[in-house]
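Reviewing the structure listed below.
The values are calculated or read from the model by the stated rules, or taken from the named source; none is laboratory data. Only a predicted model underlies this, so the values are computations on that prediction, with no experimental measurement involved. Note that each Cβ is placed from the backbone with ideal geometry, even for glycine, and that neighbours are counted across all protein chains shown. Heavy atoms of the whole protein, side chains included, go into the accessibility calculation; ligands, DNA and RNA do not. Shrake-Rupley method; radii C 1.70, N 1.55, O 1.52, S 1.80 Å.
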Amino acid sequence: MKRKLLVLAALLSLCVLLAACKKSDDTISTPAASSAAEPEATPEPTLPPYEANVLTGEPKGADYPEGQRITAVMVNNIVAARPQRGLSKADILFEIKVEGGITRFMPVFTDYKSIGEIGPVRSGRDQFFRLILPWQALYIHEGQSVVMQQYGIDYSYGNLNNNDGANGYRDYGRVNWAGKSYNNGTLALEHTMYTNSDNIQSYIDDNKVDMNKTYNSTFFNFVDYRLGQTRDLSNSIDSAYSDKYGPVVGDGEYVEIVHSQSYKTRFIYDAASNTYKMQQNYSDGQWRDTVDEAADNQVLSFPNVIVLYTDIHTYPGHEAKDLQYAEYAWGGIGYYCYGGKCEKIYWQKGTPLEALRLYYLTEDGQCSDTPVEINTGKSYVAVTDIDFAENFVHSKLDGVDLSSATTVTYERTYVEDDAKAGDTLGMSTDDLTNNATGSGEAESTTEGETTTEGETTTEGEQAAEAPAEETPTEEVPAEAPAEETPAE
């Protein structure tokens, strides 16, 4: 009897246990309890379509010229041509050395209708053209070298390669920074050619130039404006790296670029506007603001300053006119400056039809496979001779004497190359490039020059190498040989 009672008790206990488990299961499976335990995830916000200005990376405005080619204009930068007009409207401004040690500008515009007046317009050069060839820009200049003319032929550029300054006109009364003008017989004719948006429109209409072009990418790899962020170079992905020259990211409130033995450009960071103010050296040995005469002498300023180093030397067989070849096939080291900091980068281009590309450096100082992110806004880009890489300065503003004299600017004797219609090289540009690749020799510094804060030349060297600028009516002293005026 006792045994039966124990078995009965065990069965009752088992029933209670099973009932409890079932109740627990029922509680877990109720919809209310399930909702409390696993809340629904908030969906990620969907970004609007990426609609960026091709040259600045900024969002397109209501007046953006959708489906329109960009426009590039060649502008004189020999000292006698300053101040220029129209440069403040440029979305990207290129500066590269040409013959005689001088530099030239190529402002690039998203919309030719916004240019206004621009000039003095000068002749086309292939080191500029190869940068905008992949983008099929309208290229405006007055005259062109025989190499540039051959590029136009080889790449079937047709009327997109405009050779008359887009119906350009002469401003004979313009007065340069030194008070010289063509009308009073003290300024050469080549510094008087201008054009404007209306004349460019007339050229396009008269020649039925196809300005339709859709761009599927931006000129640089810009920071995505939709994220509302700015890239701080101090926290860059390579900011912890160093090479044998020092940290990859360093100070950049003061930036100084040497283009040749006498042409120099510098930028002074303005924290209030978060831009770099541009200055150049002049033939009196002083720094002056680079201004836009057509915009009430507004100082040129850029949030982005990009400096790219490569081999630049004279094309073999073109020594008499000193036509300069810029090596784009190899790539090389460069710098990206923004917000008072400078970041060492690597650049590549390759063939003429390949676009310029910028990359971060790896930990061991090599080119990474990660494109550099450029902050949105306007950019200044210098393609600069590797011979002067050691002269590049980027530092804090503290301790920099901004009023100090600099190298006296001058131009070596040369004759401007201006190809006649039908002139050819007698070879393709590919063959010319193959002949030019690796044929350059580094320019040597001479005793009396310095290479840290900029070059200075001894008095004897100035007498031999720094000819005075020619003026049509004034006699130049015998001790300062006159510059050979480039042929018009």
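The residue list 264, 277, 341 contains one member that is within 18 Å of the chain's Cα centre (by Cα), basic (Lys, Arg) and within 26 Å of residue 114 (Cβ to Cβ), which is 277.
Here is a yes/no grid of residues against (1) of a type in the set (S, T, N, Q); (2) in contact (Cβ under 8 Å) with a residue 12 or more places away in the chain; (3) open to solvent by 10 Å² or more (accessible area, probe 1.4 Å); (4) under 21 Å from residue 55 (Cβ atoms):
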| residue | (1), (2), (3), (4) |
| --- | --- |
| 86 | no, yes, no, yes |
| 91 | no, yes, yes, yes |
| 96 | no, yes, no, yes |
| 99 | no, yes, no, no |
| 115 | no, yes, no, yes |
| 121 | no, yes, no, yes |
| 128 | no, yes, no, yes |
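Tell me yes or no: at least one residue of region 59-69 is modelled with pLDDT of 90 or more, charged (D, E, K, R), within 48 Å of the chain's Cα centre (by Cα) and open to solvent by 90 Å² or more (accessible area, probe 1.4 Å). So far as region 59-69 goes, yes, one or more of its residues are modelled with pLDDT of 90 or more, charged (D, E, K, R), within 48 Å of the chain's Cα centre (by Cα) and open to solvent by 90 Å² or more (accessible area, probe 1.4 Å). Entry remark, region 306-333: residues being assigned to a strand (DSSP E or B) and either open to solvent by 10 Å² or more (accessible area, probe 1.4 Å) or touching a helix residue (DSSP H, G or I) at 6+ places or on another chain (Cβ under 8 Å) (or both) number 10 in total.
Every condition in (1) closer than 30 Å to residue 288 by Cβ; (2) surrounded by 15 or more Cβ atoms within 10 Å (Cβ to Cβ) holds for residue 185 except the one numbered (2).
For region 94-111, the criterion of being part of a loop (DSSP other than H, G, I, E, B) and either at pLDDT below 95 or hydroxyl-bearing (Ser, Thr, Tyr) (or both) is met by at least one residue.
Per-residue answers, yes or no, for (1) among the polar types (S, T, N, Q); (2) surrounded by 20 or more Cβ atoms within 10 Å (Cβ to Cβ); (3) in contact with a strand residue (DSSP E or B) (Cβ under 7 Å, 6 or more places away or on another chain); (4) farther than 19 Å from residue 81 by Cα:
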position: 134; (1), (2), (3), (4): no, no, no, yes
position: 141; (1), (2), (3), (4): no, yes, yes, no
position: 150; (1), (2), (3), (4): yes, yes, no, yes
position: 154; (1), (2), (3), (4): no, no, no, yes
position: 175; (1), (2), (3), (4): no, no, yes, no
position: 181; (1), (2), (3), (4): yes, no, yes, no
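For region 101-113, a residue qualifies if it is in contact (Cβ under 8 Å) with a residue 60 or more places away in the chain and of a type in the set (Lys, Arg), and exactly one does: 113.
Taken over region 210-226, the criterion of being in a loop (DSSP other than H, G, I, E, B) and not aromatic (Phe, Trp, Tyr) is satisfied by 210, 211, 213, 214, 216, 217, 218, 221, 223, 224.
The condition of being open to solvent by 10 Å² or more (accessible area, probe 1.4 Å), out of contact with any His (no Cβ under 7 Å at 6 or more places or on another chain) and free of Cβ contacts under 8 Å to residues at least 60 places away in the same chain does not hold for residue 338.
Considering region 367-432, the qualifying strands (runs of 3 or more DSSP E), each wholly inside and each with 3 or more residues that are open to solvent by 10 Å² or more (accessible area, probe 1.4 Å) and more than 27 Å from residue 107 (Cα to Cα), run over 367-371.
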